[in-house]
Structures are given as structure tokens and as C-alpha cells.
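First comes the structure, then the notes that go with it.
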Amino acid sequence: MSRVSEEDAVRLTAWVHGRVHGVGFRWWARARALESGLVGAATNLRDGRVEVVAEGPRSDCERLLGLLRSGNTPGTVTAVVERWSAARGGLTTFVER
């Protein structure tokens, strides 16, 4: 039996603004997500942001969001914009793109 049922899972999409390309930010976000058992991806966007998509229990996603905003990340985060939605499923791990 899985740790969280599909009904309990949520999807966090967070757009991280600042100097977050070329500083190990995606690797760091992936490591933090995997530590919490989340699945999803951290993707560099052309406009300089990183998009972090994570699915799992809401409390674990909230913890990841707090880490993204903590000031203890690689690079410099100036803002994090979040969107919450129902989990879509179909993800098996957390990857960097």
C-alpha cells in the first residue's frame, strides 16, 4: 500500500525567481524533494526562473515550499509564486530538466 492515497496527494507548482540558473538550484530542489518522498521535476525556464512541480502529501509539499523560500538555497531567490492543484499522478521519481 502506498504511503499516501491518490485522494490525499496534491500538486505544488512553484515558480522560483532570482539567480537560480547555473548554481545547482535544480539539483538542490531535487534532493530536498526526494528526502520528503515527493515526485515531480525541477525545470529551468527560458526567462530565468525555475519551475518546481511536486506531488505528494500536502504537508510534504508545504515543507518543500518553505525550503524554496528559506534563503538557504543555491543562488539567490527573490520570489516564489505557488499554485496548488489536485495531483495528476503518473510520476515515479523527481527529476531535473
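I'm checking my understanding of the structure. Among residues of segment 29-67 that are in contact (Cβ under 8 Å) with a residue 60 or more places away in the chain and open to solvent by 40 Å² or more (accessible area, probe 1.4 Å), which one is nearest to Arg19 (Cα to Cα)?
Arg30
Going through segment 82-96 one residue at a time, which ones are without any contact (Cβ under 8 Å) to a residue 60 or more places away in the chain and either β-branched (Val, Ile, Thr) or under 11 Å from Val53 (Cβ atoms) (or both)?
Of the residues in segment 82-96, the ones without any contact (Cβ under 8 Å) to a residue 60 or more places away in the chain are 90-93.
Correct list: Leu91, Thr92, Thr93.
Counting only residues that are more than 13 Å from the chain's Cα centre (by Cα) and part of a strand (DSSP E or B), which one in segment 68-96 is surrounded by the most Cβ atoms within 10 Å (Cβ to Cβ)?
Step by step, filter segment 68-96, then rank; the result is Val77.
Going through Arg32, Arg58, Arg19 one at a time, which residue ends up being modelled with pLDDT of 95 or more, touching a helix residue (DSSP H, G or I) at 6+ places or on another chain (Cβ under 7 Å) and of a type in the set (Lys, Arg)?
Details: Arg58 fails: touching a helix residue (DSSP H, G or I) at 6+ places or on another chain (Cβ under 7 Å); Arg19 fails: touching a helix residue (DSSP H, G or I) at 6+ places or on another chain (Cβ under 7 Å).
Just a single option satisfies the conditions, and that option is Arg32.
Residue by residue through segment 25-67, note down the ones that are of a type in the set (Lys, Arg), out of contact with any Gly (no Cβ under 9 Å at 6 or more places or on another chain) and outside any helix (DSSP H, G or I).
The one that is of a type in the set (Lys, Arg), out of contact with any Gly (no Cβ under 9 Å at 6 or more places or on another chain) and outside any helix (DSSP H, G or I): Arg46.
The values are calculated or read from the model by the stated rules, or taken from the named source; none is laboratory data. All figures in this text were calculated on a predicted structure; none of them were measured in a lab. Note that we place each Cβ from the backbone using ideal geometry, even for glycine, and neighbour counts take in every protein chain shown. When the accessible area is computed, the model is the full protein with side chains, heavy atoms only, and any ligands, DNA or RNA have been set aside. Shrake-Rupley method; radii C 1.70, N 1.55, O 1.52, S 1.80 Å.
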